[in-house]
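Step one of this worksheet: look at the structure below.
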Amino acid sequence: MDFYYLPGSAPCRAVQMTAAAVGVELNLKLTNLMAGEHMKPEFLKVNPQHCIPTLVDNGFALWESRAICTYLVEKYGKDEQLYPKEPQKRAVVNQRLYFDMGTLYQRFADYYYPQIFAKQPANAENEKKMKDAVDFLNTFLDGQKYVAGDHLTVADLSILATVSTYDVAGFELAKYPNVQKWYDSIRKEAPGAAINEAGIEEFKKYFEK
């Protein structure tokens, strides 16, 4: 299956780790946003929203990383460990995925991306909101080894991609001990961990400029 991506992108890394977890091989199609490759007519036919990551599985196109991750697990997973079918367990996984999308990753983007891509000054209010998001995650992880239950799920993979991006940005994770402990463990345990580590090295370049 074709996978349109950038290696430094946290959402793309989340999908790659999920694919590794279910044993699916992705046909990687590097998509240079700065060069406008996502706006080419052939890509717009696949994804009119022209965003990455985008997956094309035997003609079926899907975007939004967390939707892709759950699709891969539901179609190709060998069991329901990564994405439980029991309604309440699945609801917790979904909540963490939506938290990642709408709060944890979004607040990272709101604070850092204007500085990186638009050369704007840091916004103190956005920084506070970002720290609040990590504090929420720290609370979720109180007494827990994983973010959504008693074993690794797709929510751990998605949030790992996000938290590792916080890490390379220089965010002080040590101030959030539950997050730090989880991160130190999961970044080694996660399927496709090496892919994620390589991707954050690529993303780190934005903070070295």
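The values are calculated or read from the model by the stated rules, or taken from the named source; none is laboratory data. It should be emphasised that the depicted structure is a prediction, and the values quoted were computed from it without experimental measurement. Cβ placement follows ideal geometry from the backbone for every residue including glycine, while neighbour counts extend to all protein chains displayed. All accessible areas refer to the heavy atoms of the entire protein, side chains included, with ligands and DNA or RNA removed. Shrake-Rupley method; radii C 1.70, N 1.55, O 1.52, S 1.80 Å.
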Within the chain, what whole-number % of the accessible surface is contributed by carbon and sulfur, with the 1.4 Å probe and all protein chains included in the calculation?
51 percent
Quick one: putting +1 on the C-beta of Lys and Arg, -1 on the C-beta of Asp and Glu, what dipole do you get for segment 1-108 around its Cα centre, in Debye to the nearest 20?
240 debye
Heavy-atom SASA rank of K131, K175 (probe 1.4 Å, accessible area, largest first)
K175, K131
From the P(r) of segment 87-205, could you give the percentage of C-alpha pairs in the tail past 22 Å?
31 percent
Rounding to the nearest 20 debye, state how big the charge dipole of segment 87-205 is about its Cα centre with +1 on each Lys and Arg Cβ and -1 on each Asp and Glu Cβ.
120 debye
Is the C-alpha gyration tensor of segment 38-144 telling us rounded, prolate or oblate? Criteria: a/c under 1.5 is rounded; beyond that, a/b larger than b/c is prolate, otherwise oblate.
oblate
Find which of F136, P121, C69 sits farthest along the positive direction of the dipole of segment 59-147, computed with +1 on the beta-carbon of Lys and Arg, -1 on that of Asp and Glu, about the Cα centre.
C69
Are any of the pairs K128/K175; K75/K129; K89/K204 more than 25 Å apart by Cα-Cα distance, and if so, which?
K75/K129; K89/K204
Average accessible area per residue (Å²) across the chain - probe 1.4 Å, nucleic acids and ligands excluded:
50 Å²
Could you work out the percent of alpha carbon pairs in segment 2-76 separated by over 14 Å, rounded to a whole number?
56 percent
For the chain, what does the alpha-carbon gyration tensor say about shape, rounded, prolate or oblate, given a ≥ b ≥ c as the root eigenvalues, a/c under 1.5 as rounded, and a/b over b/c as prolate?
oblate
Answer in debye to the nearest 20: the dipole magnitude of the chain about its Cα centre, from +1 Lys/Arg and -1 Asp/Glu charges placed on Cβ, is 200 debye
Counting DSSP beta bridges with both partners in the chain, what percentage is antiparallel, nearest 5?
65 percent
Separation of the E172 and M39 label points, Cα + 7 Å toward Cβ, nm
4.1 nm
Rounded, prolate or oblate: pick one for segment 49-101, where a ≥ b ≥ c are the square roots of the eigenvalues of its C-alpha gyration tensor, a/c under 1.5 means rounded, and failing that, prolate if a/b is larger than b/c, else oblate.
oblate
For the chain the mean separation of alpha carbon contacts under 8 Å (6+ apart) over residue count, i.e. relative contact order in percent, is 27 percent
Convex hull around the C-alpha positions of segment 138-209: the volume in Å³ per residue is 75 Å³
